[in-house]
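The values are calculated or read from the model by the stated rules, or taken from the named source; none is laboratory data. No experiment lies behind these values; they were computed from the predicted model shown. Positions of Cβ are backbone-derived with ideal geometry, glycine not excepted, and every protein chain shown enters the neighbour counts.
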Amino acid sequence: MAICVLIVVFSWFPLLSRAANFPGAVSLKCEYLINPIGIDAIHPRLAWQLNTDKRGVQQTAYRILVGTDSVVVSKGEGSIWDSGESKGDVQLVAYSGKSLTPFTKYFWLVEVWGRNHEKIGSSAVASFETGIMDSKNWQGAWISDGHDVTRKPAPYFRKTFEITKKIKSARAYIAVGGLYELSINGKKVGNHRLDPMYTRFDRRTLYVTYDVTSHLQNGKNAVGVLLGNGWYNHQSTAVWYFHQAPWRGRPTFCLDMRITYEDGSVETVSSGADWKTSLSPLIFNSIYTAEHYDARLEQPGWNTAAFDGSKWNGIELRAAPSQNIVAQVLHPIRNVETIPAKSVKQLNDTTYVFDLGRNIAGVSRIQVKGPSGTVLRLKHGERLYPNGHVDMSNIDVHYRPTDQSDPFQTDIFTLKGSGEESFMPYFNYKGFQYVEVTSTTPVTLTQSSLTGYFMHSDVPVAGTIKSSNPVIDKISWATNNAYLSNLFGYPTDCPQREKNGWTGDAHIAIETGLYGFDGITIYEKWLADHRDEQQANGVLPAIIPTSGWGYQWANGPDWTSTIAIIPWNIYLFYGDPRLLNGCYDNIKRYVNHIEQMSPSGLTSWGLGDWVPVKSQSPVELTSSIYYYVDASILAKAANILGKSDDARYYQALATKIQNAINAKYLNKETGIYGSGLQTELSAPLYWGIVPESLKSKVAANLAKRVEADNFHLDVGLLGTKTLLNALSENGYADIAYKVAAQESYPSWGWWIVNGATTLYENWAIDAQSDISLNHIMFGEIGAWLYKGLGGIKPDPKWPGFKNILLTPHFAEGLNQFEATHESLYGKIVSSWKRSGKKIIYQVVVPSNATATLTLPIRKGNKIYEGRTPVKESSQDIIILSLAENQVSYQLQSGKYQFEIR
Ligand code: BGC
């Protein structure tokens, strides 16, 4: 259900007027995308930013105009929706004009007013375009080539058609069970990879929209489709049984190409009985393992009109994978970065090993010349044996091949023997740094023969970290690499061994993701996957999507609390309650289920602090904490959504769980939980379990514990989320930094000084198991840099960074630090450096936002803003509190430079 006006927030400080001479609003987005096409939303969300960095800018009113003619809209008329001048400082509004119709381009702009009713200005005209909107609007048939699921080669499909009139515009809508590449007149359409995103195909099938106007030509045209298996037809066998998925089928698609002519008429070219099919040179493809391609089987021009397709076979008409065919509205996967090989070593006549110099998720492209029939095997891995060959023993452990025909992470390329040839997989990706190429006959390869492509959901960068400590900067970079390597339309654990949507890993990494990247579209899609997978009794599987595995193991609240934690964080970071609202009943069912199982308020359902250094905290403590987190989020969500009975009930439930945890685990005398391990102390602190009166005692015990551990961490996955934050939020920022910046075992820095370019699955680099080298589960440190050093946090009372909580920590041992985050309102900057005995702190608060700044000080410190001492409140800086060890100000928008002397 849509919420029409998403946020109503009022600034609470009296504001004085300033001269307004602003160019208006910029960065217009619809459904969090720039000028999207093919959206199904009935109330699409519209967002903008104010285009000024002046101080004290506040929007007091806005007017949104929507129409179908851009010129008319630019003149200030909205025939479809004119919101009228609406009071408020919201910059995220759900469309609520006339009903939107499918296949229609809408243009929109926003006018904004500032204080004293001064018009700030208008935006330029932006657009959004609706897609199919209702499954009944599809005209095409679902087709496949009629082979069964065991058939290996990928099928081609083609159709030719004539265009005689002048084209105004054309769109292709393609829904697929499996993966596809669409081409028109011999050219691939778009630059997406691995489309459509993985869903539970029998419950939700995605379609993708393309503007194909420029692909079509007068006269004869040809449209070609190559289908891959993806997760729809998992032929490889591993321990999660995707080969037995209930949805499994030979890949299939449905296509409508809607051509609008200059004369206003519309023609739709669709998939149907008149299409032809043939097997392609892609003789095997597995999303999990690799691809095999035999160039000798190529059919040049197969997707052009001139090709003779008369010998191709007829297609088979079949049922749709599901009845629920919806638009894919998100940042697609792309080959985002090109990574040339850093070196190559020839091991013998027929073996070369390429090194990309960094670990990535993605594919390699090989360029080679050789005799026809030469077979190249490209084995991708993260490590080398001492003899220089690729070692896959850390990543192939869950693979259960039934024969030799489908080697792990190994592409097989057979040459046709006509000059330079190249191959890059279509429907697979891998996790790797090294590629070992062996050939059946000697071929000459040089460093430039192989290139890596870093693939991931191409989410815009939203955050940056820079510091005077190169190890910290490298940790931040490696964290981002691991995060992106694990973002493929759903968050995964690792790109090689599993590619599974492990829930626990994803909620640990959610803040790291959202500080660094604009990922809302991916998480909205993934929470829809959650809703598809949830059982009536509220239970969720440990991996999502799943073919059925994971309802029985590893799916306790310490993992599957994604259902509450992810929507809550989306709300905090974007100020948008739509996902929270959409998942409300699911969170409730989930919490109710645990309540039924655990009437005492304690639960041992879960895995606990996974892959710890040496100490294992009790599962009951950590799982009960997550149960508490879910009940509290549910209570807060109920409050936000106006469900007061629920709010009361679940708040009381949260308190009951909190009390049960404290009664069993907290020694009130000593301020120690359990046996006082790092996770046992930091998790209750971070998640708000500790009674207010005992917080400083527990925090002091944590600090002592960490000191006794020689300022090194001793935690697993759950403790990494809480350790650094619990320290820096409770007066021990210097200790937190010490742990974060360690370069000896166990630490993030230990990986870095040993050459890591991604995060690992195990603190011990020489671990015998659980040692993927590209795991995001220890990735909270990425978010901690923004929070614990930059001090940037969303304010739950004014979410979406409408008010920013800014609490920088000038950690001992670090000279300079800067964090930036691109929020809904614009770019937030929190930057500090030491200069002699002074600290210079620069901050940028985006227009129409405010910040509550808390600066740590020492006795005798004075604070200046620019050259002026801050002694009393001004129009931009309101003093909230002054204490010996900290001051707190309320800042209006704008740039500030403070000096603490
Ligand atoms: C995954 C982890 C995951 C864990 C849970 C592992 O195999 O790679 O990241 O959270 O299983 O048991």
Against the conditions (1) within 16 Å of the ligand (Cβ to nearest atom); (2) touching a Gly at 6+ places or on another chain (Cβ under 9 Å), where does residue 780 fall short? Just the number, please. (2)
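With the condition kept exactly as written, say whether any residue in the range 346-357 is among the hydroxyl-bearing types (Ser, Thr, Tyr), in contact with a strand residue (DSSP E or B) (Cβ under 8 Å, 6 or more places away or on another chain) and in a strand (DSSP E or B). Give the steps one after another, and end with the answer.
The initial filter retains those residues of the range 346-357 that are among the hydroxyl-bearing types (Ser, Thr, Tyr), namely 350-352.
Adding the requirement that they be in contact with a strand residue (DSSP E or B) (Cβ under 8 Å, 6 or more places away or on another chain) leaves 350-352.
Going one step further and asking which of them are in a strand (DSSP E or B), we end up with 351-352.
Yes, some residue in the range 346-357 is among the hydroxyl-bearing types (Ser, Thr, Tyr), in contact with a strand residue (DSSP E or B) (Cβ under 8 Å, 6 or more places away or on another chain) and in a strand (DSSP E or B).
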With the checklist (1) crowded, with 20+ Cβ neighbours inside 10 Å; (2) modelled with pLDDT of 95 or more; (3) not β-branched (Val, Ile, Thr) in hand, flag the one item residue 114 doesn't pass. (2)
Name the residues in the range 29-43 that are among the β-branched types (Val, Ile, Thr), in a loop (DSSP other than H, G, I, E, B) and under 16 Å from residue 101 (Cβ atoms), would you? 42
Within the range 723-762, restricting attention to residues that are assigned to a loop (DSSP other than H, G, I, E, B) and surrounded by 24 or more Cβ atoms within 10 Å (Cβ to Cβ), which residue is nearest to the ligand (Cβ to nearest atom)? 761
Could you tell me whether residue 550 is in a loop (DSSP other than H, G, I, E, B) and either more than 16 Å from the ligand (Cβ to nearest atom) or closer than 14 Å to residue 587 by Cα (or both)? no
Consider only pairs whose beta carbons are under 6 Å apart and that are at least six residues apart or on different chains; among these, list those whose first residue lies in the range 497-518 and is within 21 Å of residue 240 (Cβ to Cβ) and whose second residue is more than 10 Å from the ligand (Cβ to nearest atom) and of a type in the set (D, E, K, R). 508/721; 508/780
Scanning the range 24-67 residue by residue, those touching a strand residue (DSSP E or B) at 6+ places or on another chain (Cβ under 6 Å) and of a type in the set (S, T, N, Q) turn out to be 27, 35, 49, 51, 59, 60
Could you list all residues from the range 850-884 that are assigned to a loop (DSSP other than H, G, I, E, B) and under 38 Å from the mean Cα position of the chain (by Cα)? 857, 876
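Rundown of residues vs (1) touching a residue at least 12 places away in the same chain (Cβ under 8 Å); (2) surrounded by fewer than 19 Cβ atoms within 10 Å (Cβ to Cβ); (3) in a strand (DSSP E or B), yes/no style:
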| residue | (1), (2), (3) |
| --- | --- |
| 322 | yes, no, no |
| 334 | yes, yes, yes |
| 344 | yes, yes, yes |
| 360 | yes, no, yes |
| 371 | yes, yes, no |
| 406 | yes, no, no |
Any idea how many residues of the range 595-612 are touching a residue at least 40 places away in the same chain (Cβ under 8 Å) and away from the ligand (no atom under 16 Å from the Cβ)? 5
When the range 212-243 is examined, which residues are found to be of a type in the set (S, T, N, Q) and either closer than 17 Å to residue 499 by Cβ or in a loop (DSSP other than H, G, I, E, B) (or both)? 217, 218, 229, 233, 235, 236, 237
Determine, yes or no, whether residue 673 is away from the ligand (no atom under 16 Å from the Cβ) and more than 30 Å from residue 578 (Cβ to Cβ). yes
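Give the range 528-570 a look and list any residue that's farther than 20 Å from residue 609 by Cβ, of a type in the set (A, V, I, L, M) and touching a Phe, Trp or Tyr at 6+ places or on another chain (Cβ under 9 Å), or say none.
First, pick out the residues of the range 528-570 that are farther than 20 Å from residue 609 by Cβ: 528-541, 544-549, 551-552, 563, 566-570.
Still in the list and also of a type in the set (A, V, I, L, M): 528, 536, 539-540, 544, 563, 566, 570.
Selection gives 539, 540, 544, 563, 566, 570.
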Taking the conditions exactly as written (more than 16 Å from the ligand (Cβ to nearest atom) and either over 21 Å from the mean Cα position of the chain (by Cα) or surrounded by fewer than 22 Cβ atoms within 10 Å (Cβ to Cβ) (or both)), does residue 819 satisfy them or not? no
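Please find, among 608, 601, the residue that is in a loop (DSSP other than H, G, I, E, B) and closer than 16 Å to residue 506 by Cα.
Working: 601 fails: closer than 16 Å to residue 506 by Cα.
On inspection, the qualifying residue turns out to be 608.
Within the range 881-889, is even one residue aliphatic (A, V, I, L, M) and surrounded by fewer than 18 Cβ atoms within 10 Å (Cβ to Cβ)? Walk me through it before giving the result.
Step one: of the range 881-889, the residues aliphatic (A, V, I, L, M) are 882-883, 887.
Adding the requirement that they be surrounded by fewer than 18 Cβ atoms within 10 Å (Cβ to Cβ) leaves 882-883.
For the range 881-889, residues aliphatic (A, V, I, L, M) and surrounded by fewer than 18 Cβ atoms within 10 Å (Cβ to Cβ): present.
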Going residue by residue through the range 76-84, is there one that turns out to be touching a strand residue (DSSP E or B) at 6+ places or on another chain (Cβ under 9 Å), at pLDDT 95 or above, in a strand (DSSP E or B) and of a type in the set (Gly, Ala, Ser)? no
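Considering only the range 673-699, state which residues are small (Gly, Ala, Ser), within 18 Å of residue 511 (Cβ to Cβ) and buried (at least 20 other Cβ atoms within 10 Å of the Cβ).
Applying the first criterion (small (Gly, Ala, Ser)) to the range 673-699 yields 674-676, 682-683, 688, 693, 696, 699.
After this cut, where a residue has to be within 18 Å of residue 511 (Cβ to Cβ) as well, the list is 682-683, 688.
Hits for the range 673-699 are 682, 683.
Out of the residues in the range 509-534 that are of a type in the set (Gly, Ala, Ser) and not in a helix (DSSP H, G or I), state the one that is nearest to the ligand (Cβ to nearest atom).
Of the range 509-534, the ones of a type in the set (Gly, Ala, Ser) are 509, 513, 516, 519, 528.
Right, trim to not in a helix (DSSP H, G or I) and you get 509, 519.
Working: 509: 10, 519: 19 Å.
So the residue we want is 509.
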If you take just the strands (runs of 3 or more DSSP E) that sit entirely in the range 427-508, which of them hold at least 3 residues that are within 16 Å of the ligand (Cβ to nearest atom)? none
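Have a look at 718, 702 and point out the one that is closer than 29 Å to residue 382 by Cβ, of a type outside the set (D, E, K, R) and either without any contact (Cβ under 8 Å) to a residue 60 or more places away in the chain or buried (at least 21 other Cβ atoms within 10 Å of the Cβ) (or both). Don't jump to the end; show me each part of the working.
Values: 702 fails: closer than 29 Å to residue 382 by Cβ.
Matching residue, one of 718, 702: 718.
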